[in-house]
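Beneath this line is the structure, given in structure tokens, with notes to follow.
Laboratory data are not the source of any read-out in this text; all were calculated from the coordinates shown. The structure presented is a predicted model; accordingly, all values stated were derived computationally and were not measured. We place every Cβ from the backbone using ideal geometry, glycine too, and count neighbours over all the protein chains shown.
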Amino acid sequence: MSSQQFYLLGESVSSAKDITIDATLDLDQLRQLVAAYFAIVDPNGIGFQTEDDCLSDVSDVLAAKGPVAIAIDGHAVREPGGPRGLPFVGNYFEVYPDHLGNHQRLFDQYGPIFKTTNLGRTTYQTNDPQISAVVFAESDFFSKIINDAHPLSALKTPSAGVFLGDTDTPEWKAAHKFLPPALGPKAVRHYAPTMQRAVEDSFKVFDALDEQEEAWNVYQYMLKLGSQAVGELTLGIDFKHFTSPDAPVHEMVHSIAELLSLNKKVTSKGDWYGMLPFGDPQRLRNLKARIEEMVDESIQNAERAGISDLPLQDAALLSSNMVDYALRATDNKGEKLPKSSLVWALVVATAAGFTTTSSLLSWLIYGLVTYPGMQERLLQELIDNDITEDTELTAEMTEKLLFQDKYIKEMQRRHNPSFQPGRTAKVDLILPGGYKIPKDAVIIPALHHIHNNPHLWDNPARFNPDRWDTPEVKVRHKAAYIPFAMGPRMCIGFNFALQEVKVFLPKLIYRYHFSREGDGPIEYDPMFQLIRPNNLLAMRLTWSPPHDYQNRPVAVLGAGVLGRRIGCIWASAGYNVHLRDPSPDQLSASIAYIQENVAAYATKTGRSPGKAHAFTDLKEAVSTAWLIIEAVPEKLPLKIATFAELSALTPTDSILASNSSSYKTSEMLDRVPETVKPRILNMHYYMPPQCMLVELMTDGFTSEDIFPFLVERCRAGATSPYVARKQSTGFIFNRLWAAVKREVLTILSEGVSVPEEVDAMWEEMFITGRVKPCEMMDNVGLDTVAFIEQHYIHERGLPADKTVDYLTKNYLDQGKLGSKCPLGGLFPPASTTTNTNKRLLVLDIGLASSTAASSISTPAGHILSLTPTPNNTQPQTLLTNQLLPDGITFSPTTNRIYWTCMGVPNHPDGAIYSSTLDGKDIRSLLPKGTLNTPKQITLDPTTQQLYFCDREGCSVYRCNLDGSNLTALVSRHHRKTKENGISEARDWCVGITVAPRWNKFYWTQKGPSKSGQGRIFCASLDTDPIEGDEEGQCILSGLPEPIDLEVDEERGELYWTDRGELPLGNSLNRVKLDEEGVPVSGEKVEVLVRNLREAIGVSLDRENGDFYLTDLGGCVYRWNRDERKKVKLYEEDGRAFTGVVCV
């Protein structure tokens, strides 16, 4: 045995200690021996040296003359640096109020650990993961000991065991035996239904705020939401936070939030302040007592309800909440959580649960409104996983949301709510890097600064969820990302918190698209225990069509070959067009092109063409436009500059579009304000008039409601619009064409074929044979497609993730093999509930026929019969030469159909007819001259009487099946316009349905076209004649333009089509009815089906819940309310469908 003296480099040689050393030790063993003598936390960093040399061998250390110096990681030991501070207050004003920013400044100045003193209280902060891992490891060096320097000192409650108590106490051991089972992954999974119910209950409040167009403070409502679920799951208390938008925060929640704020104030001002018998310190003590009373009351309520003991794991899975669990849970010795610990263990579970969740949720919404594309990617992932608003979320489902997981992780990295988990030194010790820490010192791993440390994270200020897929992040230091701390005293409820946000976030994302109100800096409260965005105001992003767009021009920037054709399309749709180009020659050529060709384009639109005007000045060209389409050269800097100018020069309600074929609009937003981004999109044309396709695509921010609006406007210009469901370089067709080009060139390069044969085969297969790629795959069979593709993968080394793996996961594993399979394939199967014996009788009004443009009085309408299945054969024509047929119904009793013919509008020549189902034995029930413009018609199945509306007659009538006993039930026709005696459009009666259950009939008054003045009325079947504008009960108003009606008495639901303006028009809608047959109080209209093309008819097959819909665009659809899918059954150019009935 030998002896040597050692001292810490940086301290006096006189402090050297004699250490007896076994000469057989190796260097690592010697380091461990020396570390034990000097309380050096990490022996691996120890180095030995003399004044002259570094000693790398034990024998050299033993042979050294004089004391041997100990270096730590190459450094002398030293006190952590820090600012000098002022007398008495110390560094208080250097840290507060912006402690996050000031702490970062101190890290930049003093390195990975620094010391500050605030009003006599000293703490240490570190942003180093190695030091943090040491600090969080309960060991001989550090533990959670809440002394006077600890940030939780004012809240210390030893009986709590968790969070507010010291480690290794009896209370801590009891709490960590009984609480983890109730907060583990298995237990948390069965809390999901309660969490989902809490967020769904909040919808009525957020919907109300949306209707009021009010911005709301995100944290305040996330506090309500997070605590609502936590209250039920920990204490069994319904906090009633979402009974109304202004419902107060429950006393428990308010008290806990105030408690955390007071604790921060008290502990930041020194030990003396916390001892004051008045002010904030006394208020804090009073709140603790009140919170204890409320939790104790909850426990007593649970005890009175009666409970039975259960083993720990069973109790965790069977208990309804944590109070229930804590009272039931029994260990293998028959012991329970002591009553002395029960109250504050539940306080901690409640407080930590909702404060963390509400703060994190607030930051997650901040991310949605701040970082481009996040909402769209999160929503798309829900769609890709077949998650809808009605989906009951489970832990298994949320685990599949991989991007959501990355998004949450990145948010906790960039904006972690928790920031000051402190640990206390148990001895004087030396940290890695040589930092001396005295006994009882409190050191705080600064989570925010660790997570944003540029030495640990590439470009940490950039919010990038995809970084979590990179190798660098996957091999990071274990303490580089610790949102819930780490070690034995890490957050015990982290599973609960993550499960809650993973249920809440998808529900909010699917239902709402958020936007931010204002663009100032986000503020946080430095005197609160967690970091939360205090002044973040959000609102549901709503969009309305440009004001008076019908009378405003469309502007096209760039008068080249494609720009002039785009202008011609919009002129043919009836809009004036402003062409802007810096070249007068280009402008002249473009105006000439439009003048020469617009009439030919307009033959497809049926509209009177607008005028084209030339501009060289951008401001003049766009100042009044409702739609601006840039078609400037494909140079990205030019497009970026163009959209920057348009942001400043265009009307605030205008839509800005790019015709770029190679750039996404998201690449053009560098200089665009946040408020403008939601009205920008790609609008890519090909080469009109030969190809009339146009593709629409989001910029990552585009309001969802813009797309159905523009789809309708594009169709009015005789183009065929297609919407890309996410951002995609090459949109839809160009990606398809790129794949074809690559494969054709490969075939040619390998000498497999020659261009003439490739083109001939293509023409035979895809042009003459009209083969469609997706339909062909379904017909071949997706299992066969996957088998063939697998061969290519093996032979060519191709990736399988987006071909075979995609088919396997989304179709084959679910038994969807294609058209040969009852489950369908890429396309849904024909509805298994549809009765093939049923037929649809559909009216073609005749307005799309060749004769309609020249003479509306020429009978060109048809009654058609078709089978209600997709891809059916051509419909059978039952009757021709009908004068504007509009409404149709069927009587099983007489086995006859009844239909209306409007006649020429504003002439009293409407009529009602009937025939057998095959169109024979036609009878005139009410001949021409009896009515003005009869519209929709229905049958009262009880009395076998017909009810119908007369539009220009402003009336609702009833008659027998033979036309006798004609009675005017409603007459609005007393009021005429002064100029020509024609009835006012707001009085026009259109749709009709009957509900014998409530002894009521319902009718629509559509109002002027697209006016938003539509109404739905009801009255008793026994009513005396209703005359005058305001008679009858108006049950819904302010509708875009309601048309046809259906009522389901058994389910208590009223349905109607609406052909009004988007976003609520061209739709099928529903409202719930109460026991009186009127809308349930506070019930919101639900839009069920969108994107119809001038919606008219609706017919309900009550046997299976199928709705059949028609529109003037020549389409017939089926929508099943259980499957909630719209299927196009039939489409034909030259048709304009009105009434429909299922027989």
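When a/c is below 1.5 the answer is rounded, else prolate if a/b is larger than b/c, else oblate, so apply that to the range 380-490 with a ≥ b ≥ c taken from the square roots of the Cα gyration tensor eigenvalues. Note, shape of the range 380-490 comes out prolate. Could you state the number of Å between the C-alpha centres of the range 242-297 and the range 689-722? Between the Cα centres of the range 689-722 and the range 242-297 lies a distance of 55 Å. Alpha-carbon geometry of the range 486-576: the Rg and the Dmax are 24.7, 73 Å, given in that order. Dividing the convex hull volume of the alpha-carbon atoms in the range 772-829 by its residue count gives 69 Å³ per residue. Pairs from the table (Lys507/Lys1128; Lys406/Lys507; Lys186/Lys400; Lys240/Lys502; Lys400/Lys1125) lying more than 19 angstrom apart at Cα are Lys507/Lys1128; Lys240/Lys502; Lys400/Lys1125. Report note on the peptides 480-488, 754-762: ranked by the mean count of other C-beta atoms within 10 Å, highest first, their order is 480-488, 754-762.
When the charge dipole of the chain is built from unit charges on Cβ atoms (+1 for Lys and Arg, -1 for Asp and Glu) and taken about the Cα centre, the candidate among Gly334, Ile387, Gly1065 whose Cα reaches farthest toward its positive end is Gly1065. If you find the alpha carbon centre of the range 162-228 and of the range 70-116, how far apart are they in angstrom? Taking the Cα centre of each part, the range 162-228 and the range 70-116 sit 36 Å apart. Note on Lys635: lysines with a C-alpha under 29 Å away, same-chain residues under 8 apart excluded, are Lys619, Lys664, Lys677, Lys726, Lys741. Dividing the summed helix terms, -39500 (n - 2.57) for each DSSP H run of n ≥ 4, by the number of residues in the chain produces a 222 nm estimate of -9500 deg cm²/dmol to the nearest 500.
Simple rule: put +1 on each Lys or Arg Cβ and -1 on each Asp or Glu Cβ in the range 549-729, find the dipole, and look at Met692, Ile591, Ile640; the Cα lying farthest toward the positive end is Met692. Only alpha carbons enter this Debye calculation for the range 840-1142, each as an equal point scatterer, and the log10 of I(q)/I(0) it gives at q = 0.10, 0.13 Å⁻¹ is -0.48, -0.85. Other residues with beta-carbon under 14 Å from the beta-carbon of Gly270 carry, at +1 per Lys or Arg and -1 per Asp or Glu, a net charge of +1.
Normalised radius of gyration (Cα atoms, divided by 2.2 N^0.38 Å) for the chain: 1.17. Scoring 392-403, 649-660, 407-418 by mean Cβ neighbours within 10 Å over their residues and listing the highest first yields 407-418, 649-660, 392-403.
Pairwise Cα distances in the range 2-72 exceed 14 Å in 52 percent of cases.
Which loop trypsin sites (Lys or Arg not before Pro) in the range 59-100, with loop taken from DSSP, have no more than 10 other Cβ atoms within 10 angstrom of their Cβ? The qualifying sites are Lys65, Arg84. With kT/(6 pi eta Rh) evaluated at 37 °C and eta = 0.692 mPa s, and Rh the Kirkwood radius from Cα pairs, the range 9-124 diffuses with a coefficient of 196 µm²/s according to Stokes-Einstein.
Among Val842, Val1087, Val1078, the ranking by other beta carbons within 10 Å of each residue's beta carbon, starting with the fewest, stands as Val1087, Val1078, Val842. Diffusion coefficient of the range 182-243 by Stokes-Einstein, Kirkwood radius over Cα pairs, 4 °C, 1.567 mPa s: 103 µm²/s. Cα gyration tensor of the range 977-1077, axes a ≥ b ≥ c as square roots of the eigenvalues: rounded (a/c below 1.5), prolate (a/b > b/c) or oblate? It is oblate, given that a/c is not under 1.5 and a/b is not larger than b/c.
Qualifying GluC sites (Glu not before Pro) in the range 1-94, where qualification requires a DSSP coil assignment and no more than 15 other C-beta atoms within 10 Å, comprise Glu51. Note on the range 1-60 and the range 482-532: Cα centroid distance 48 Å, given to the nearest whole angstrom.
In a reduced charge model with +1 at each Lys and Arg Cβ and -1 at each Asp and Glu Cβ, the range 151-191 shows a dipole moment near 240 debye about its Cα centre. Computed over neighbours whose Cβ is under 13 Å from that of Phe463, the net charge equals +4, Lys and Arg +1, Asp and Glu -1. Under the criterion of Cα pairs below 8 Å and six or more residues apart, the relative contact order for the range 880-968 equals 21 percent. Relative to the Cα centre, the charge distribution of the range 344-470, modelled as +1 at Lys and Arg Cβ and -1 at Asp and Glu Cβ, gives a dipole magnitude of about 1060 debye. Note on the chain: dipole from Cβ charges, positive end direction compared against Gly751, Gly861, Cys821; the farthest Cα belongs to Gly861. Shape summary of the range 213-272, radius of gyration then Dmax from alpha carbon positions: 14.3, 49 Å.
By definition, a body whose alpha carbon gyration tensor gives a ≥ b ≥ c is oblate when a/c is 1.5 or more and a/b is not larger than b/c, and the range 593-735 fits this oblate description.
Computed about its Cα centre, the charge dipole of the range 549-729 is approximately 380 debye, with only Lys, Arg, Asp and Glu carrying charge at their Cβ. One decimal place: the segment Met275-Asp1133 gains 300.4 nm when fully extended, by the rule 0.36 nm per residue minus the C-alpha distance.
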